[in-house]
């Protein structure tokens with residue numbers, strides 16, 4: 001699932017400019033790994049993994 005800037009802002013509670021910078025940085029990492037990226041969109045799992053939140057997300061999904 002791809003997240004847009006608004007999704008990242010809401011999920012992390014950060015301003016728009018910070019969300020754009022974070023998405024740009026992560027997309028750069030993905031491009032370096034050979035992936036195709038879309039401007040201002042980021043894979044949700046990659047975002048959570050890089051922020052160290054993947055276990056938190058998996059834990060919260062199993063409680064619902």
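The values are calculated or read from the model by the stated rules, or taken from the named source; none is laboratory data. Keep in mind the model is a prediction, meaning the values are calculated, not measured. Note: ideal-geometry Cβ built from the backbone for every residue, glycine included; neighbour counts use all protein chains shown.
Things to note:
- Sole exception among (1) within 10 Å of the chain's Cα centre (by Cα); (2) in a helix (DSSP H, G or I) for residue 20, by number: (1)
- Test: residue 53 is surrounded by 13 or more Cβ atoms within 10 Å (Cβ to Cβ), modelled with pLDDT under 95 and under 12 Å from the mean Cα position of the chain (by Cα): yes
- Qualifying residue in region 25-36 (condition: surrounded by 11 or more Cβ atoms within 10 Å (Cβ to Cβ), touching a helix residue (DSSP H, G or I) at 6+ places or on another chain (Cβ under 7 Å), at pLDDT 95 or above and assigned to a helix (DSSP H, G or I)): yes
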